[in-house]
Amino acid sequence: MSQHLDRIDQPADLRKLSDAQLIALAAEIRELLIGTTARLGGHLASNLGVVELTMALHLVLDSPKDKIIWDVSHQSYVHKLLTGRRERFDTLRQWGGLTGFSNPHESEHDHFMTGHGSTAISAALGMAVARDLHGTDEVIVAVLGDGALSGGLAMAGLNQAGHLGTDLLVVLNDNEMSISRNIGAMADYLSRLRTDPHYVRAREEFETVMQRLPMGPAMLEMVERLKGGVKQLLVPGMLFEELGFTYLGPIAGHSIERMRDIFAHARDLGGPVLVHVLTQKGKGYAPAEKKPEKWHGTSPFDVATGRKYRTEAKPSYGDVLAEAAIELAEDDERIVGITAAMADGTGMEKLAARFPARCFDVGMAEEHAVTFAAGLARAGARPIVAIYSTFLQRAYDQILHDVCLQHLPVVFAIDRAGLVGEDGPTHHGVFDLSYLRPMPNMVVIAPASAAELRAALRYAVRLGSPVAIRYPRGPAARLPSDSSQPPFALGRPAVLREGADCTVMAIGSTVASALEAAVELETEGLHVGVLNCRFARPLHEESFVEAAADARRVVTAEENSLAGGFGAGVVELLNTRGVSGVDLLRVGLPDRFIEHGEADHLRARYGIDAAGIADAVRRLCGVHGGRISLPVESRL
């Protein structure tokens with residue numbers, strides 16, 4: 001039983017507890033976090049690290065009047081528990097339950113939906129300026145991790161906030177981690193702030209002396225606002241002060257009392273203030289403390305042993321990508337790997353282990369990663385940029401302007417394409433076909449199996465063009481036809497199955513489902529052909545025109561938004577070529593953001609699994625029945 005947590009229905013209830021009770025509450029919160037994620041999975045290590053930090057903020061602030069903007073917001077579980085969602089916490093990341101990120105539709109205490117890093121300062125500054133324009137007095141707080149400072153958006157927000165000088169509190173949660181261990185000059189700078197014994201000792205001695213003097217406290221507060229004064233001698237680099245912020249810290253991030261005092265002081269100072277808080281990612285659970293990167297996001301596990309119940313079958317698509325990249329790099333010294341704070345998730349850490357001088361983690365900076373790759377390619381390298389689909393969206397301009405415009409041979413390995421499940425709309429990778437397909441010079445490939453991913457990467461590196469290869473999260477599929485498929489040829493599909501009644505033109509993860517649907521329909525007397533289309537751009541015109549004209553009934557299938565996706569490309573091609581007499585139905589995701597839930601449940605709900613594709617074929621063929629109603633979209 002949670003003796004203290006059960007008494008917290010709103011943040012104001014925290015102020016009813018003594019310091020000893022607050023410490024006990026922190027322990028209860030950690031116990032609940034560990035128990036819930038053990039059953040449901042979720043982001044554990046990051047939330048364990050911010051228990052006291054979150055409590056201290058709510059002790060000082062008046063939420064929801066005062067606004068906390070969580071960067072990424074995967075670390076907002078404690079915030080959810082303290083803001084009236086304790087009773088529903090066992091629905092976390094489940095279909096119809098609480099989201100794993102902040103969500104204004106879920107609670108008045110959530111003020112911005114954030115699933116990508118480096119966003120909090122800019123969003124919070126916008127709210128602070130709006131507050132000033134409206135003449136109100138709420139406190140605006142941005143909470144971000146030290147890894148987020150490697151992103152240009154965070155630095156742009158700091159730059160403007162310091163210039164404007166408006167009241168804004170930035171809490172820098174420094175745990176030396178993003179998803180992977182932080183790298184780069186900013187990480188080194190924060191490390192110096194964190195560990196410099198001269199600075200820490202000098203600051204402590206200075207504050208002690210000043211507090212004992214008659215006018216010391218008042219003078220100390222004045223010094224906090226001085227630029228180029230005593231603090232210039234105490235803080236190495238003075239980066240944040242030079243940007244226009246009052247810098248406070250570093251302070252112990254697991255002392256509620258210390259943080260409560262500092263946050264109250266920061267709130268009252270006025271102007272832009274940055275509080276540097278040192279926390280331990282995974283605190284309170286030994287396995288997560290030991291390997292926080294492995295417990296950033298976790299599947300269900302046994303609390304006592306830390307053993308995870310659901311381990312993905314090997315190899316995953318990321319494993320296959322890494323192995324294929326290493327094989328290519330061994331034969332071609334031009335191969336260079338690049339990722340953006342997700343070396344472990346993309347498999348790039350394996351390439352880095354084999355070729356440390358030829359693999360780069362640029363931090364949480366996707367835009368930089370792409371232009372960095374463009375520079376490498378212009379100078380003769382063959383970069384492979386491995387980034388999750390949802391995060392590559394942030395580099396749209398760099399892909400278009402810096403890579404495609406110059407027709408540079410950069411290969412984009414797009415992991416987590418399609419539905420990713422419980423992380424929901426901020427993380428579903430369901431727009432990459434749509435945003436990449438219109439880009440001139442871009443080749444877009446969606447392999448259907450592990451063997452095809454290997455072949456696609458070899459083909460892409462040799463093509464000498466911008467190439468995007470998108471593949472889903474999880475175990476890499478195997479197809480019966482893997483050993484007998486033709487080699488990749490630009491834009492050409494591979495025929496997997498002939499059928500006189502209808503042809504399913506499938507791409508990527510839907511190919512296996514289309515084959516399963518065709519086998520089921522065969523038992524019902526429907527003879528369905530299946531094309532493994534492989535490419536979303538370009539589409540080999542003669543192949544698709546011939547296939548559509550022969551079939552007369554065509555279903556396209558993709559795990560992507562229908563708006564601008566693969567199916568839209570097929571319709572455009574057939575329309576441009578003047579193909580007539582073909583009934584066509586597109587299967588994919590609707591033109592909306594897809595909610596969170598188990599990935600297979602979502603695929604079934606939106607009809608992109610085998611049963612859904614089979615239903616689409618039945619309806620197109622005029623066969624009564626099926627679970628979903630899908631009208632024929634196009635008669636060409």
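The values are calculated or read from the model by the stated rules, or taken from the named source; none is laboratory data. Just so it is clear, the model here is predicted, and its values are computed rather than measured. All Cβ positions, glycine included, derive from the backbone under ideal geometry; neighbour counts span all protein chains shown.
Among the residues of the range 275-312, those identified as surrounded by 14 or more Cβ atoms within 10 Å (Cβ to Cβ) and within 21 Å of L25 (Cα to Cα) are V277, L278, T279, Q280, K281, G282, K283, G284, Y285, A288, E289, V303. Remark: pairs (first residue in the range 429-441, of a type in the set (S, T, N, Q); second residue part of a helix (DSSP H, G or I); Cβ separation under 7 Å; 6+ apart in sequence or on different chains) = N441/C404.
Scanning the range 263-316 for residues that are assigned to a strand (DSSP E or B) and without any contact (Cβ under 8 Å) to a residue 40 or more places away in the chain yields one hit, K308.
F360 meets each of the listed conditions (1) surrounded by 14 or more Cβ atoms within 10 Å (Cβ to Cβ); (2) closer than 25 Å to T37 by Cα; (3) aromatic (F, W, Y) apart from (2).
Could you please give the count of residues in the range 471-491 that are surrounded by fewer than 18 Cβ atoms within 10 Å (Cβ to Cβ) and touching a Pro at 6+ places or on another chain (Cβ under 8 Å)? Total satisfying the criteria: 2. Selection of strands (runs of 3 or more DSSP E) fully inside the range 437-503 by the criterion of at least 2 residues being within 29 Å of the chain's Cα centre (by Cα) and not aromatic (F, W, Y) returns 443-445, 467-470. Note on the range 109-142: residues that are over 18 Å from the mean Cα position of the chain (by Cα), among the hydrophobic types (A, V, I, L, M, F, W, C) and either buried (at least 18 other Cβ atoms within 10 Å of the Cβ) or under 20 Å from P11 (Cβ atoms) (or both) total 8. For the range 1-48, give me each residue that is aliphatic (A, V, I, L, M), over 32 Å from the mean Cα position of the chain (by Cα) and either within 21 Å of L92 (Cα to Cα) or assigned by TED's automatic domain parsing to the domain that holds L172 (or both). Across the range 1-48, the qualifying residue is only M1.
Here the strands (runs of 3 or more DSSP E) wholly within the range 524-625 that include at least 1 residues being modelled with pLDDT of 95 or more and of a type in the set (D, E, K, R) are 535-537, 553-561, 583-589. Residues in the range 387-405 that are closer than 12 Å to M442 by Cβ and buried (at least 22 other Cβ atoms within 10 Å of the Cβ): I399, V403.
Would you check if G347 is in contact with a Gly (Cβ under 9 Å, 6 or more places away or on another chain) and modelled with pLDDT under 95? Yes.
Residue-wise test of (1) on the phi < 0 side of the Ramachandran plot; (2) in the same structural domain as D167 (by TED's automatic domain parsing); (3) touching a helix residue (DSSP H, G or I) at 6+ places or on another chain (Cβ under 7 Å); (4) in contact (Cβ under 8 Å) with a residue 60 or more places away in the chain.
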| site | (1), (2), (3), (4) |
| --- | --- |
| V50 | yes, no, yes, yes |
| T54 | yes, no, yes, no |
| D66 | yes, yes, no, yes |
| T99 | yes, yes, yes, yes |
| S107 | yes, yes, no, no |
| T114 | yes, yes, yes, yes |
| G117 | yes, yes, yes, yes |
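Scanning the range 53-105 for residues that are within 17 Å of A266 (Cβ to Cβ) and in a loop (DSSP other than H, G, I, E, B) returns L61, D62, S63, D66. When G474, G565 are checked against the criterion of being at positive phi, of a type in the set (G, A, S) and touching a residue at least 40 places away in the same chain (Cβ under 8 Å), G474 stands alone in meeting it. Applying a threshold of 6 Å to beta carbon distances and a minimum spacing of six or more residues, or different chains, the list of pairs starting in the range 491-513 at a residue that is in the same structural domain as L602 (by TED's automatic domain parsing) and farther than 14 Å from N560 by Cα and ending at one that is modelled with pLDDT of 95 or more and of a type in the set (D, E) reads S513/D609.
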